[in-house]
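Chemist: Sending over a structure as structure tokens; questions will come in a sec.
The values are calculated or read from the model by the stated rules, or taken from the named source; none is laboratory data. None of these values were measured; they are calculated from a predicted model. Backbone-built Cβ (ideal geometry, glycine too); neighbour counts: all protein chains shown.
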Amino acid sequence: MLDWLPENVSVFGEGVDHLFTLIYYISVAIFILVNVIYVAFIIRYRRKRKGDRAYYYHGNNLLEFSWTALPFVLFLFLAFYSDGIWESIKYSDKTPNPDLVVEVMGQTYMWHFRYPGSDGIFGRREARFMGTTNPFGIDPDDPNGKDDYTTINNLTIPVNKTVLVHLSSMDVIHSFFLPNMRVKQDAVPGQWVDVWFNSVKTGKYEIACAELCGSGHYLMRAVLEVKSQSAFDGWLDEQYGGLLAALNAPSAVPATAPAAQDQSAPAASPTH
Amino acid sequence: MEAVLSTEKHALAGGHAHSESFIRHYIFSTDHKMIAKQFMFTAIFFLFIGGAFALFIRWQLAYPGQPIPLIGKLLPSTWVNGQGAVTAEWYTQLLTMHGTIMIFAVIIPLLVGTFGNFAIPLMIGADDMAFPFLNMVSFWLFPLAGIIMMSGFFMEGGMAAAGWTSYPPLSAIASTGQTLWIVALFLIGFSSILGGVNYITTILNMRAPGMKMFDMPMTVWAVFITAIIITIGTPVLASALSMLFMDNFLSTSFFMPAHLTVATRDMSRTAGGGQPLLWQHLFWFYSHPAVYIMILPGMGVVSDVLATFSRKPLYGYKAMVFAIIAIAFLGIIVWGHHMFQSGMNPLLGTTFMVSTMVIAVPSAIKTFNWLGTMWRGKMEFVTPMLNAVAFVSMFVIGGLSGIFMASTPVDVFIHDTYFIVGHIHYVLFGGSLFAIFAGLHYWFPKMSGRMYNERLGKLHFWITFISFNCTFFPMHILGIGGMMRRIYDPTVYDFLKPFQPMNEFITISAIVLGFAQFILVYNLLHSWFYGKKAKRNPWRANTLEWQAPSPPPHGNFDTELRVYRGPYEYSSPDSVQDYLPQTVSPEELQEQNERHRQRLAQQEHAQPVA
Ligand code: HEM
Ligand SMILES: [Cu+2]
Ligand SMILES: [Cu+2]
């Protein structure tokens, strides 16, 4: 049954899948055990004749104790085993040093992604600046924000590198779901949450929204592109270069970031 | 004296007063049995509404964008598009109303409203509930709430569409239908609390002489503990609903952060500073215990049915009682397992995982004790027993899938996928609803005074059992494949396209499952009027309700009751018969045994001649 899992390409996903498999086998074993006994009882202990009498018996304390203790030990073991993996994925003090930091903002019904730009620094953001033209709420007066690069529904990352995502939402709750990375994290408005992952394989994968966010919930799909480091660098240079060119061009209208294949939102006002 | 009075009343009622007594008897009744029937018929009505919604949902998932067969063209244009296919807006309303109706208008009213009302006074030997008037109010709030909730159909924007969990901000910036949903749930909660207080008082104060707490059948124990959970949990839901109502209506900010970008609503009056996660904590503080409200009474019914038809004492009666108490207690401290991916501190994920794993233990205890009950029994597979046996097996699957989700790292992947939908339905349909089917057939003779049709009962069981598994088991696989719940069209995603044949299979099974329920209704309705007349104790059961006439008159019992023993003395060596009712005194027992022996002896004499 676990063959149906989408291909895992993340590093910690392997641990998760192992745990999944372990619980799966334990469950199947328990299920078979209980149901074999069950069916055997159903076949064996039917009333066949009138006047048949059942065995008059109220229970046995030793048995009660053992079928309390055994599941207790088993389930606690599963809890502690799971917790090791959980901590390594989720606890902030166990997050590895990121090679790339990206901000992700959910909006009904799309995903915005923000890269820090060629200066490597995100512009300051504040909730009061947030709006449809400025989904991240980048402070227009902060020079670091001028070159921040944003895309819609396309996240491009380098392979074998730890990517740290700061995640939030600008309207309702969404959930950032990367099936192949074994990542899912709710994006909650008014709150930033960190998620990290690490892809071991290049390719195109899908990003979905997993929390009901309105009738267009099912459309909230984005693409995750995992590129080799050199391809990623090339891609980034291209985006950043285009953005800088637009920034430096003397123009009164807000520049649109020359995005690859997607319609990018204007990253910041171009006035120098 | 009393007799005189009542004949006088009858004489007076003879003329014009007849319609009034009809209203008192059938509509604003304070008799617990009539109220139980009212709950039952209203809930079964809602079962079909909720079921129809589910089939619309399933149609869309299997055949996205294709017109609904036969009736698609007849539906209003706010629901379907020009071709007669479900729209995304209506789809979202459907899934919200399906969940809400099934939980609050079907399962809870059937388990708590129907069985609680019908069985509690009868099983403890009381003539009615402690507060008959409250009981009546408790019922009438329920259809009222149902009408309010459904009236969203006629409002602009339709019914509520934020899921049965209604997470804000989505639910706080919603249409009128959402406000109606909030008001309706508030009323249903009120109804629950009235019922809960009533059950607790009745069980504590009105047991027949001689009946100790540990002489109570499991159904009574289960409803008792359930009632306690209801009275603890529901006020928290009520407070959360009040806040959500104000966020929606008065632009308060209990759950609303500042500076949301919302196109559909003017947010300038919303100050912000609220926390969306607060709702989730409050909601699940009620709704996790609520899932036990929806299973504990079922467990009680199943325990009684299994013991009766295994002709054996319930295995580990006290362990069963303590397991229920443990579930109720632990159930209050596991709500966070619904929030592992919500953005709450992952440290809390760890603690809630541990408590959730621990709560699986009493569930395991109950399962083993049910097996123990059947061990060396003499089982009779009539319809109630078939449904109860199915319950145990389905509950095992639901419990085991719970373990996957309790394991936080695994839950990262399966949270908000069809795996959860599979889990819910194995516990709520495979569990609660099969227990309800068991109970409906088990008490049908007492309720109606007639027997249901055994062949139809079995037919209904087998079709339901098979199509249930075909419908819901594959959902686990969809979840493993990553299919998100509550999506309108899975084919938008490349990684979900391979699952379309499975979605079609599920939908076909679901249609069979839905239509099989007409067998149940036909059987119940037809037998209610034309069934074979039922004896007092057709199942040869021990508990008190079977000492009353079928159906019991107003005031229930025609004999003085005294309880001498526990409810599960089946196949006791003390009795010649294989059952020993709670009310039979030791002297009566001797006489009975004597009579029985003589009869047996006579039969043996008679046989060779014949
Ligand atoms: C062994 C016992 C059980 C365990 C360990 C367990 C565990 C869980 C967990 C961890 C979740 C949250 C999953 C997620 O959203 O990611 C969940 C969801 C749920 N459970 Fe259980 N569960 C158990 C029994 C039950 C029972 C007996 C019922 C009801 C009769 C029930 C009804 C539900 C429902 C309705 C949800 C989904 C709520 C929603 O998100 O819509 N569970 N369960
Ligand atoms: Cu969404
Ligand atoms: Cu729960």
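Chemist: Here is a list: B:Leu433, B:Leu400. Which entry is under 22 Å from the mean Cα position of the chain (by Cα), free of Cβ contacts under 8 Å to residues at least 24 places away in the same chain and either in a helix (DSSP H, G or I) or buried (at least 22 other Cβ atoms within 10 Å of the Cβ) (or both)? Reasoning before the result, please.
Modeler: On the way: B:Leu433 fails: free of Cβ contacts under 8 Å to residues at least 24 places away in the same chain.
It is B:Leu400.
Chemist: Confirm whether B:Ile487 is within 22 Å of the chain's Cα centre (by Cα) and free of Cβ contacts under 8 Å to residues at least 60 places away in the same chain. Before the answer, list the steps.
Modeler: On the way: within 22 Å of the chain's Cα centre (by Cα): no; free of Cβ contacts under 8 Å to residues at least 60 places away in the same chain: yes.
It is false that B:Ile487 is within 22 Å of the chain's Cα centre (by Cα) and free of Cβ contacts under 8 Å to residues at least 60 places away in the same chain.
Chemist: With the condition kept exactly as written, say whether any residue in region A:214-223 is among the β-branched types (Val, Ile, Thr), at pLDDT 95 or above and in contact with a helix residue (DSSP H, G or I) (Cβ under 8 Å, 6 or more places away or on another chain). Let's see the steps before the verdict.
Modeler: If we filter region A:214-223 for residues that are among the β-branched types (Val, Ile, Thr), which is where we start, we get A:223.
When the remaining residues are screened for being at pLDDT 95 or above, the result is A:223.
From what's left, in contact with a helix residue (DSSP H, G or I) (Cβ under 8 Å, 6 or more places away or on another chain): none.
No, that holds for no residue.
Chemist: A follow-up question, please. Can you name the residue in region B:217-262 that is farther than 15 Å from B:Leu194 by Cα and among the polar types (S, T, N, Q) and is also farthest from the chain's Cα centre (by Cα) among such residues?
Modeler: Checking each candidate, the answer is B:Thr261.
Chemist: Give region B:301-332 a look and list any residue that's away from ligand 1 (no atom under 13 Å from the Cβ) and more than 14 Å from chain A (Cβ to nearest Cβ), or say none. Write out each step before concluding.
Modeler: Start the filter on region B:301-332 by keeping residues that are away from ligand 1 (no atom under 13 Å from the Cβ), which leaves B:301, B:303-322, B:325, B:329, B:332.
Answer for region B:301-332, where residues must be away from ligand 1 (no atom under 13 Å from the Cβ) and more than 14 Å from chain A (Cβ to nearest Cβ): B:Val301, B:Asp304, B:Val305, B:Phe329, B:Ile332.
Chemist: Let me ask you something else. Condition check: free of Cβ contacts under 8 Å to residues at least 24 places away in the same chain and of a type in the set (A, V, I, L, M). Does A:Ile138 satisfy that? Spell out the reasoning first.
Modeler: Working: free of Cβ contacts under 8 Å to residues at least 24 places away in the same chain: no; of a type in the set (A, V, I, L, M): yes.
No, not satisfied.
Chemist: Within region B:347-367, can you find the residues that are within 8 Å of chain A (Cβ to nearest Cβ), among the aliphatic types (A, V, I, L, M) and either within 13 Å of ligand 1 (Cβ to nearest atom) or in contact with a His (Cβ under 8 Å, 6 or more places away or on another chain) (or both)?
Modeler: Those that are within 8 Å of chain A (Cβ to nearest Cβ), among the aliphatic types (A, V, I, L, M) and either within 13 Å of ligand 1 (Cβ to nearest atom) or in contact with a His (Cβ under 8 Å, 6 or more places away or on another chain) (or both): B:Met353, B:Val354, B:Met357, B:Val358, B:Ala360, B:Val361, B:Ala364, B:Ile365.
Chemist: Quick one: which residue in A:Ile32, A:Ile23 is hydrophobic (A, V, I, L, M, F, W, C), more than 7 Å from chain B (Cβ to nearest Cβ) and assigned to a helix (DSSP H, G or I)? So that I can check it myself, show each step before the final result.
Modeler: Numbers: A:Ile23 fails: more than 7 Å from chain B (Cβ to nearest Cβ).
Answer to the selection: A:Ile32.
Chemist: Restricting to region A:144-178, name every residue that is outside any strand (DSSP E or B) and either more than 9 Å from every other protein chain (Cβ to nearest Cβ) or basic (Lys, Arg) (or both). Break it down stepwise before answering.
Modeler: Going through region A:144-178, the residues outside any strand (DSSP E or B) turn out to be A:144-148, A:153, A:159-161, A:170-173.
Hits for region A:144-178 are A:Asn144, A:Gly145, A:Lys146, A:Asp147, A:Asp148, A:Asn153, A:Val159, A:Asn160, A:Lys161.
Chemist: Kindly list the number of the only condition in (1) more than 20 Å from A:Asn97 (Cβ to Cβ); (2) within 16 Å of ligand 2 (Cβ to nearest atom) that fails for A:Arg182.
Modeler: Of (1) more than 20 Å from A:Asn97 (Cβ to Cβ); (2) within 16 Å of ligand 2 (Cβ to nearest atom), only one is false for A:Arg182: (2).
Chemist: A further question follows. Residue by residue through region B:362-385, note down the ones that are closer than 14 Å to A:Leu63 by Cα and among the β-branched types (Val, Ile, Thr).
Modeler: Answer for region B:362-385, where residues must be closer than 14 Å to A:Leu63 by Cα and among the β-branched types (Val, Ile, Thr): B:Ile365, B:Thr367, B:Thr373.
Chemist: While we're looking at this one, here's another question. Within region B:334-349, how many residues are crowded, with 21+ Cβ neighbours inside 10 Å and away from ligand 2 (no atom under 16 Å from the Cβ)?
Modeler: Summing the residues that are crowded, with 21+ Cβ neighbours inside 10 Å and away from ligand 2 (no atom under 16 Å from the Cβ) in region B:334-349 gives 7.
Chemist: Within region B:351-358, identify whether any single residue is more than 16 Å from ligand 2 (Cβ to nearest atom), β-branched (Val, Ile, Thr) and crowded, with 23+ Cβ neighbours inside 10 Å, and answer yes or no. Before you say what the answer is, go through the steps one by one.
Modeler: If we filter region B:351-358 for residues that are more than 16 Å from ligand 2 (Cβ to nearest atom), which is where we start, we get B:351-358.
With β-branched (Val, Ile, Thr) added as a condition, the list becomes B:351, B:354, B:356, B:358.
From what is left, the residues that are crowded, with 23+ Cβ neighbours inside 10 Å are B:356.
Within region B:351-358, one or more residues are more than 16 Å from ligand 2 (Cβ to nearest atom), β-branched (Val, Ile, Thr) and crowded, with 23+ Cβ neighbours inside 10 Å.
Chemist: Does A:Phe72 satisfy the condition of being in the same structural domain as A:Leu244 (by TED's automatic domain parsing) and within 16 Å of ligand 1 (Cβ to nearest atom)? I'd like the intermediate steps shown before the answer.
Modeler: Numbers: in the same structural domain as A:Leu244 (by TED's automatic domain parsing): no; within 16 Å of ligand 1 (Cβ to nearest atom): yes.
Here the answer is no, as A:Phe72 does not meet what is asked.
Chemist: Now a separate question. Being more than 28 Å from the chain's Cα centre (by Cα) and surrounded by 15 or more Cβ atoms within 10 Å (Cβ to Cβ) is the filter here; which residues of region B:532-568 pass it?
Modeler: B:Leu561, B:Val563, B:Tyr564, B:Arg565
Chemist: Against the conditions (1) free of Cβ contacts under 8 Å to residues at least 60 places away in the same chain; (2) within 16 Å of ligand 3 (Cβ to nearest atom), where does B:Leu241 fall short? Just the number, please.
Modeler: Failed condition: (2).
Chemist: Are any residues in region B:333-346 more than 9 Å from every other protein chain (Cβ to nearest Cβ) and more than 16 Å from ligand 3 (Cβ to nearest atom), and if so, which ones?
Modeler: B:Asn345, the sole residue that qualifies.
Chemist: Name every residue in region A:171-194 that is among the hydrophobic types (A, V, I, L, M, F, W, C), under 20 Å from B:Ile414 (Cα atoms) and touching a residue at least 40 places away in the same chain (Cβ under 8 Å), in order of residue number.
Modeler: Residues of region A:171-194 that are among the hydrophobic types (A, V, I, L, M, F, W, C), as a first pass: A:172-173, A:176-178, A:181, A:183, A:187-188, A:192-193.
Narrowing the set further to residues that are under 20 Å from B:Ile414 (Cα atoms) leaves A:173, A:176-178, A:181, A:183, A:187-188, A:193.
Passing the criteria: A:Ile173, A:Phe176, A:Leu178, A:Met181, A:Val183, A:Ala187.
Chemist: A follow-up question, please. Yes or no: region B:368-387 includes at least one residue that is buried (at least 24 other Cβ atoms within 10 Å of the Cβ), of a type in the set (S, T, N, Q), within 12 Å of ligand 1 (Cβ to nearest atom) and not in a loop (DSSP other than H, G, I, E, B).
Modeler: The answer is no, given that none of the residues of region B:368-387 is buried (at least 24 other Cβ atoms within 10 Å of the Cβ), of a type in the set (S, T, N, Q), within 12 Å of ligand 1 (Cβ to nearest atom) and not in a loop (DSSP other than H, G, I, E, B).
Chemist: Next question. Looking at A:Ser175, A:Ser199, A:Ser169, which is the one that is farther than 20 Å from A:Ile89 by Cβ and either in the same structural domain as A:Thr108 (by TED's automatic domain parsing) or surrounded by 24 or more Cβ atoms within 10 Å (Cβ to Cβ) (or both)?
Modeler: Values: A:Ser175 fails: farther than 20 Å from A:Ile89 by Cβ; A:Ser199 fails: farther than 20 Å from A:Ile89 by Cβ.
Exactly one residue qualifies, and that residue is A:Ser169.
Chemist: Among the numbered criteria (1) within 14 Å of another protein chain (Cβ to nearest Cβ); (2) touching a Leu at 6+ places or on another chain (Cβ under 7 Å); (3) at pLDDT 90 or above; (4) away from ligand 1 (no atom under 16 Å from the Cβ), which single criterion is violated by B:Val236?
Modeler: (1)
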